[in-house]
Number of protein chains: 2
Amino acid sequence: MNITMDEAIVRRSLHDELVERLQRLIIEGELTPGEKVPEKELCERYNVSRTPMREALKVLASEGLVTLTPNRGSSVTAVTVDDLEEVFPVMGALEALSGELACEKITDVEIAAISKSHHEMIGHYKAKRLPEYFAANEAIHTAILKAARNDTLAAQHRMLSARVRRARYLANMTRERWEKAVAEHEDILAALEARDGRKLGIILKHHLRNKLETVSEWLKANDRG
Amino acid sequence: MNITMDEAIVRRSLHDELVERLQRLIIEGELTPGEKVPEKELCERYNVSRTPMREALKVLASEGLVTLTPNRGSSVTAVTVDDLEEVFPVMGALEALSGELACEKITDVEIAAISKSHHEMIGHYKAKRLPEYFAANEAIHTAILKAARNDTLAAQHRMLSARVRRARYLANMTRERWEKAVAEHEDILAALEARDGRKLGIILKHHLRNKLETVSEWLKANDRG
DNA sequence: TGACATAATTTTGAATGCAAAATTAAATAT
DNA sequence: ATATTTAATTTTGCATTCAAAATTATGTCA
């Protein structure tokens, strides 16, 4: 066998592991939208048989990352502007809810941690370190979601965010947008510290809408879909 | 073979068909919460092999209807009060959004259809025909969701509603609650006809909260969770 | 008899095998 | 040469098989 085994899987159920790995491949763009999923190739790469691979693909399909066409396999779902305009309102509703719930339940310790991430993020912004900025940003949103203490909410959000994260990776922000996003984050932290759930919900929804605009402008410019 | 074949499947992909059938089994309570899913039995019943059955179970697991435990198979996820209290806020947010979007996009024809269902529902209420009432009720909510023109939203809602519908089946309403629900439906129709999205969103969220109370009271009374 | 160990059985997870469908390649006719 | 069959190949969906893990049954000894 002439296969590189260095990516072979060891722990827990294969299909579960595969779901995660394929998700990453799609989100990070190694598998590009519209492309047919090379089932056989992936099986060889991860050194698994088709059974767990196909199980994983079924799960990804139910999450909307992959599209199954009867008798002709699976392809990576394309991210179109239309698609994003569907997903974002739903995510917006979920984020708003997460903000409201978080304010009810968040602890001082958690707020402190978010505040820390926030200031780190500002530092990365000022130094124009985009990847680190993104990481801190994501940490904040994840922390808010976690503070909402609702696994169902978190799961739904995670599913949708997988569908758009890919797009977010590609679209880079203009100077003004970035500035605006940072300003919004100041409001987010303030609302959180004031435990003003309604306000936080509204801000998060707006914040997301701005992201949508960034991304969908980019998509329209670099049309492919 | 000593198996009744009358439930055997013919059309489209087996796993897809199975997802639907198992969902029904769970929602309608033939498979009860906590119970281990009798994989082999179900395979025989539907006359399929374990491969598509397991694919279907993986999908249901990602939707939260069943729980997979490594090396010891799948069991029907139990609906506890805690669980419901997680799911309902999320559904509430989605329903509110569906109300808002529906008001923006709904056609006069669709409103007329909903109005018709509404009046039928009132008829069933007055005649105390509970099952027919439920059916008309569901038709209305489905129509609103459809009018929102957002497949992502519909899909998310459908997933969550599967998790609670089962509970709704069991819990029957008191006279006052029923009356209240009908009154709320008058408001729903009115907001829809006025195309007042914000208002409809709020009403739908309240409406759902009342449902939660009905169901969770029942669950607490008949505790099994 | 009851606690523990050991063997038989069942269940589970995943690989392999096989037939039908789809795709590609080759061949024939126009 | 181009369109149209026809044949070969690949891919897909599902059944079957197999090994490992878990469960149950049986046996042993205090």
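The values are calculated or read from the model by the stated rules, or taken from the named source; none is laboratory data. Since this is a predicted model, take the numbers as computed values, not measurements. Every residue, glycine as well, gets a Cβ built from its backbone with ideal geometry; the counts of neighbours run over all protein chains shown. The accessibility values were calculated without ligands, DNA or RNA, using every heavy atom of the protein model including side chains. Shrake-Rupley method; radii C 1.70, N 1.55, O 1.52, S 1.80 Å.
Among the residues making up the stretch B:134-180, a single one is touching a residue at least 40 places away in the same chain (Cβ under 8 Å), surrounded by 15 or more Cβ atoms within 10 Å (Cβ to Cβ) and either among the hydroxyl-bearing types (Ser, Thr, Tyr) or touching a Pro at 6+ places or on another chain (Cβ under 6 Å) (or both): B:Ser161.
Residues that are touching a residue at least 60 places away in the same chain (Cβ under 8 Å) and within 19 Å of A:Tyr133 (Cβ to Cβ) within the stretch A:212-225 comprise A:Leu212, A:Val215, listed in sequence order.
The set of residues from the stretch B:60-92 being of a type in the set (Asp, Glu) and surrounded by fewer than 18 Cβ atoms within 10 Å (Cβ to Cβ) comprises B:Asp82, B:Glu85. Every condition in (1) closer than 16 Å to B:Val90 by Cα; (2) modelled with pLDDT under 95 is met by B:Leu153 except one, and the failing one is (2).
Residue-wise test of (1) crowded, with 19+ Cβ neighbours inside 10 Å; (2) modelled with pLDDT of 95 or more; (3) closer than 22 Å to A:Leu14 by Cα; (4) not basic (Lys, Arg).
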| residue | (1), (2), (3), (4) |
| --- | --- |
| B:Ile3 | no, no, no, yes |
| B:Arg11 | no, no, no, no |
| B:Arg21 | no, yes, no, no |
| B:Glu28 | no, no, no, yes |
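Suppose we filter the stretch B:93-102 for residues that are open to solvent by 10 Å² or more (accessible area, probe 1.4 Å) and either among the aliphatic types (A, V, I, L, M) or more than 19 Å from the chain's Cα centre (by Cα) (or both); how many remain? Before you say what the answer is, go through the steps one by one.
Filtering the stretch B:93-102 for residues open to solvent by 10 Å² or more (accessible area, probe 1.4 Å) gives B:93, B:95-97, B:100-101.
Checking which are either among the aliphatic types (A, V, I, L, M) or more than 19 Å from the chain's Cα centre (by Cα) (or both) leaves us with B:93, B:96-97, B:100-101.
So the count comes out to 5.
Would it be correct to say that A:Glu213 is over 21 Å from A:Ala147 (Cβ atoms), in a helix (DSSP H, G or I) and open to solvent by less than 90 Å² (accessible area, probe 1.4 Å)?
Numbers: over 21 Å from A:Ala147 (Cβ atoms): yes; in a helix (DSSP H, G or I): yes; open to solvent by less than 90 Å² (accessible area, probe 1.4 Å): yes.
Criteria met by A:Glu213.
Being in a helix (DSSP H, G or I) and away from chain A (no Cβ under 14 Å) is a property that holds for B:Arg166. Given the criteria over 27 Å from B:Val87 (Cα atoms) and either open to solvent by 30 Å² or more (accessible area, probe 1.4 Å) or of a type outside the set (Val, Ile, Thr) (or both), does A:Arg195 qualify? No; evaluated as a whole, the condition is false for this residue.
Checking each residue in the stretch A:122-140 for being over 18 Å from the mean Cα position of the chain (by Cα) and assigned to a helix (DSSP H, G or I) picks out A:Ile122, A:Gly123, A:His124, A:Tyr125, A:Lys126.
Has the stretch B:161-173 got at least one residue that is of a type in the set (A, V, I, L, M, F, W, C) and modelled with pLDDT of 90 or more? Steps first, please.
If we filter the stretch B:161-173 for residues that are of a type in the set (A, V, I, L, M, F, W, C), which is where we start, we get B:162, B:164, B:167, B:170-171, B:173.
Going one step further and asking which of them are modelled with pLDDT of 90 or more, we end up with none.
No, there is no match, as no residue in the stretch B:161-173 is of a type in the set (A, V, I, L, M, F, W, C) and modelled with pLDDT of 90 or more.
Inside the stretch A:22-38, residues that are assigned to a helix (DSSP H, G or I) and either more than 18 Å from B:Ala61 (Cα to Cα) or among the acidic types (Asp, Glu) (or both) make up a count of 4. Contact map, the stretch B:185-202: residues that are closer than 12 Å to B:Ile144 by Cα paired with residues that are part of a helix (DSSP H, G or I) and polar (S, T, N, Q), Cβ distance under 7 Å, separation 6+ or inter-chain. Pairs shown: B:Leu189/B:Ser115.
Listed residues B:Ile202, B:Ile188; which is under 17 Å from B:Ala139 (Cα atoms), out of contact with any strand residue (DSSP E or B) (no Cβ under 6 Å at 6 or more places or on another chain) and assigned to a helix (DSSP H, G or I)? Please lay out each step first, then the result.
Details: B:Ile202 fails: under 17 Å from B:Ala139 (Cα atoms).
Answer to the selection: B:Ile188.
If you check A:Ala143 against the conditions, is it over 30 Å from A:Lys40 (Cβ atoms), more than 10 Å from chain B (Cβ to nearest Cβ) and in a helix (DSSP H, G or I)? Explain how you work it out, then say what you get.
Working: over 30 Å from A:Lys40 (Cβ atoms): yes; more than 10 Å from chain B (Cβ to nearest Cβ): yes; in a helix (DSSP H, G or I): yes.
Yes, satisfied.
Of the helices (runs of 4 or more DSSP H) lying entirely inside the stretch A:39-115, the ones with 2 or more residues being within 11 Å of another protein chain (Cβ to nearest Cβ) and within 16 Å of DNA strand C (Cβ to nearest atom) are found at A:50-62. Would you call B:Ser49 polar (S, T, N, Q) and under 22 Å from B:Ala167 (Cα atoms)? Here the answer is no, as B:Ser49 does not meet what is asked.
Please go through the stretch B:30-41 and pick out each residue that is touching a helix residue (DSSP H, G or I) at 6+ places or on another chain (Cβ under 7 Å) and either at pLDDT below 95 or buried (at least 20 other Cβ atoms within 10 Å of the Cβ) (or both). Break it down stepwise before answering.
Within the stretch B:30-41, the first condition is being touching a helix residue (DSSP H, G or I) at 6+ places or on another chain (Cβ under 7 Å), and the residues that meet it are B:31, B:37, B:39.
B:Leu31, B:Val37, listed by residue number.
How many residues does the stretch A:57-75 contain that are within 19 Å of the chain's Cα centre (by Cα) and within 9 Å of DNA strand D (Cβ to nearest atom)?
Step one: list which residues in the stretch A:57-75 are within 19 Å of the chain's Cα centre (by Cα), which gives A:57, A:59-67.
Imposing the further condition that a residue be within 9 Å of DNA strand D (Cβ to nearest atom) reduces the set to A:57.
Here the count works out to 1.
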